[in-house]
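The values are calculated or read from the model by the stated rules, or taken from the named source; none is laboratory data. Keep in mind the model is a prediction, meaning the values are calculated, not measured. Cβ: placed from backbone, ideal geometry, glycine included. Neighbour counts: every protein chain shown. Note: areas computed on protein heavy atoms with side chains; ligands, DNA, RNA excluded. Shrake-Rupley method; radii C 1.70, N 1.55, O 1.52, S 1.80 Å.
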Amino acid sequence: MQSSSKKFSERFIEGLLLISSSITSLTVVLIVLFLFKEGLGLFSHSAIEEGNVIAVNKNNQVSVLSGEQLKNIFDQKIVNWKELGGSNDSIILFRLEDISNYYSDEQIGENFEHLPECISKLNDSISGIISFFPDKYWTKDFKGKKIEFDPITMKEVFAGKEWFPTAHPAAQLGIAPLLLGTLWVSLGAILLALPLGLASAVYLSEIANKKVRSILKPLIELLAGIPSVVYGFFGLVVIVPLIQQLFNLPVGETGLAGSIILGIMALPTIITISEDAMNTTPRAMKEASLALGASKWQTIYKIVIPYSISGITAAAILGIGRAIGETMAVLMVTGNAAIIPHSLLEPVRTIPATIAAELGEAPAGGLHYKALFALGCILFVITLIINLIVEFISSRKKYQNS
Amino acid sequence: MIKLETINANVYYGASHALKNISMQLESNTVTALIGPSGCGKSTYLRLFNRMNDLIENIRIEGEILIDGKNIYQKGTNVDSLRKSTGMIFQKPNPFPKSIFENVAYGLRVNGINDAAFIQERVETSIQQVALWDEVKDKLKKSAFELSGGQQQRLCIARALAIQPSIILMDEPTSALDPISTSKIEELMYELKAKYTIVIVTHNMQQAARVSDKTAFFYLGELIEYSQTKELFTNPKIEKTQNYITGRFG
Ligand SMILES: Nc1ncnc2c1ncn2[C@@H]1O[C@H](COP(=O)(O)OP(=O)(O)OP(=O)(O)O)[C@@H](O)[C@H]1O
Ligand SMILES: [Mg+2]
């Protein structure tokens, strides 16, 4: 009796464990699916703002434009149709508010009842016109040609140099500045944190005596537990002004400030993981080196570091991973300018910071919203790759030991 | 000729007294075996001669430890060059995670030798000395981990020989090896003794009897008996020794 009831309770617990692990896995899968569904939705959109129309004179040879071309037209960087493969005719911009330049209030009508007709006439009479107006003013007998837009392409997104998701009439969704910003800041962080972290790890693992280690190690682990806002705050009040003064810059909010903060935040990961790796160096191997007359330093850089190199690499990559995904602290200190950075002394904007800063103002389901989800997908892919690399390196390590 | 000597050597690990007043003289070009039950201090004693014990926290070493009549614990002793003159072989083969060639070259490189031709030649003769050359000459660039345990241990001996020490300290060098590898290493010791002073710690009575000229029996940190190997094994003066070598304890 007792044994059967015990069996039942064991089964019950096993069942619970199974259920909870399935729920966890399912949740992860659902989140990823959701992320990609929303993110990939971006590529079925066109760049033009929803509910609007772009029209030209019906004799115009141009009938398809890209989002970037449209933006350049309205920014007056493209001023002649021949630049777009049309005839030699200068481009005349027409936005709805320009209507008063052509027609009087009476002609338009008190309730704008003649507005569609007026727009139609304008498109008919001005050969170089390009007009941008809400599609409710588009009528069946419109005497002009509607410009078609291809959906947003991968190339526009990945190679686009401008991130301006709220631009009129065409949103600019080039993520190159954000991607580069993220990579620059993370790279800077790792360049700062790796030497320092490695030095600390060597000190902790090979030089410090037990007492010092027992004080330092918990302290370093504590560093990992500080909320990232606190790091951001510290960066904002200490590092940002320091950089501004040191390099004599107009603003101190730069990629460098982000790199420093992220570097500090990546330190605990780098130190603890590479120290653990160094600690696995067999004592006999170190003793063999010393017994051959090698000094302590020679033993460290010729034996300990090569032996634990895969652990050290994993530490560095995980450190980068931590830096790439970090949001709050970076948002606070990097200045968030979405321009392609040429040095670390310019403001930069990272992917996570962009998502955090813009999601609140992007209407759900809209182009901007989907673009932010696409950014999330990219971030997910980057961190996934990082995790796979770490996995690969540490599995190779296991193989080497056995 | 006396190569190694300790006079009233005492070693403490914190409060525990691991070696008690050991006074002993070891002759050059002989093999001296250290035997005794586990924990009696054999390794501790062996490691006095290349100051390997220095690495341990809270260790205290008293008395005089002499090599060629010079106290190696004197202030101003260069520990790195002292270790260069003593080769050490450990219980388990412990090659470096490097190629076979680089394992043997390691001791030369860390001692500042860069002459490639010289290193090449020294590596080759060292590997030949341990009768490993024919087995590895075609794969010197391969990782040392690809060798068998016995080959690895001979490689470790070659590695120690490459820096041309005058003393070889062996701490249970064959305890992880098969009988054939063991007998190869025992033969090797016999040959090496012409040029080196060898001290070997072993738990294997037959091995001690086979390879050593003199044997020291340690018990609970004390040196109980030290004499010619033949004498100690056939006619021990002290009952504890008798009991140990006949397997009645330990
Ligand atoms: N690093 C250390 N810290 C503290 N005590 C130690 C340390 N190394 C050895 N001891 C102690 O010193 C004594 C002698 O140890 P030692 O290693 O010299 O014995 P051994 O004769 O070599 O034993 P075995 O045959 O098992 O290798 C033992 O009681 C051991 O517990
Ligand atoms: Mg021992």
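Screening the candidates B:Ser38, B:Ser23, B:Ser28 for the property of being surrounded by fewer than 22 Cβ atoms within 10 Å (Cβ to Cβ) and near ligand 1 (Cβ under 10 Å from one of its atoms) yields one hit, B:Ser38. Each residue in segment B:4-50 was checked for being within 12 Å of B:Ile65 (Cβ to Cβ) and of a type in the set (Lys, Arg), and 1 of them qualify.
Residue-wise test of (1) open to solvent by 10 Å² or more (accessible area, probe 1.4 Å); (2) part of a loop (DSSP other than H, G, I, E, B).
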| position | (1), (2) |
| --- | --- |
| A:Ser274 | no, no |
| A:Gly293 | no, yes |
| A:Ile303 | no, no |
| A:Pro306 | yes, no |
| A:Ala315 | no, no |
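Within the set B:Lys98, B:Lys92, the sole residue that is farther than 23 Å from B:Lys195 by Cβ and within 15 Å of ligand 1 (Cβ to nearest atom) turns out to be B:Lys92. Remark: pairs (first residue in segment B:101-124, away from every other protein chain (no Cβ under 14 Å); second residue of a type outside the set (A, V, I, L, M) and open to solvent by less than 60 Å² (accessible area, probe 1.4 Å); Cβ separation under 8 Å; 6+ apart in sequence or on different chains) = B:Glu124/B:Trp133.
I'd like the residue in segment B:42-71 that is in a loop (DSSP other than H, G, I, E, B) and open to solvent by 10 Å² or more (accessible area, probe 1.4 Å) and, out of all such residues, is nearest to ligand 1 (Cβ to nearest atom).
The qualifying residue nearest to ligand 1 (Cβ to nearest atom) is B:Ile56.
Each residue in segment B:147-164 was checked for being within 14 Å of chain A (Cβ to nearest Cβ) and either within 14 Å of B:Glu102 (Cα to Cα) or crowded, with 21+ Cβ neighbours inside 10 Å (or both), and 11 pass.
The residue of segment B:195-211 that is nearest to B:Ile180 (Cα to Cα), among those that are more than 14 Å from chain A (Cβ to nearest Cβ) and within 16 Å of ligand 1 (Cβ to nearest atom), is B:Gln207.
In contact with a strand residue (DSSP E or B) (Cβ under 6 Å, 6 or more places away or on another chain), over 25 Å from B:Leu66 (Cβ atoms) and either away from chain A (no Cβ under 14 Å) or buried (at least 21 other Cβ atoms within 10 Å of the Cβ) (or both): is that true of B:Lys141 in this structure? Yes. Within the option set A:Ile324, A:Ile273, A:Ile303, being modelled with pLDDT of 90 or more and away from chain B (no Cβ under 14 Å) holds for one residue only, A:Ile273. Scanning segment A:279-300 for residues that are more than 8 Å from chain B (Cβ to nearest Cβ) and touching a helix residue (DSSP H, G or I) at 6+ places or on another chain (Cβ under 8 Å) gives A:Asn279, A:Thr280, A:Thr281, A:Lys286, A:Lys296, A:Thr299, A:Ile300.
Take B:Leu169 and decide whether it is outside any helix (DSSP H, G or I), over 12 Å from B:Ile100 (Cα atoms), modelled with pLDDT under 90 and in contact with a helix residue (DSSP H, G or I) (Cβ under 6 Å, 6 or more places away or on another chain).
no
Between B:Thr202, B:Thr174, B:Thr125, B:Thr182, the distinction of being touching a Leu at 6+ places or on another chain (Cβ under 8 Å) and either open to solvent by less than 70 Å² (accessible area, probe 1.4 Å) or away from ligand 2 (no atom under 16 Å from the Cβ) (or both) belongs to B:Thr202 only.
For segment A:110-222, the helices (runs of 4 or more DSSP H) that sit wholly inside it and include 2 or more residues that are under 14 Å from A:Phe94 (Cβ atoms) are A:115-125.
Among the candidates B:Gly36, B:Gly76, single out the residue that is more than 14 Å from chain A (Cβ to nearest Cβ), away from ligand 2 (no atom under 13 Å from the Cβ) and either more than 30 Å from B:Glu231 (Cα to Cα) or of a type outside the set (D, E, K, R) (or both). Break it down into steps so the answer makes sense when it comes.
Values: B:Gly36 fails: away from ligand 2 (no atom under 13 Å from the Cβ).
Within the list B:Gly36, B:Gly76, the selection yields B:Gly76.
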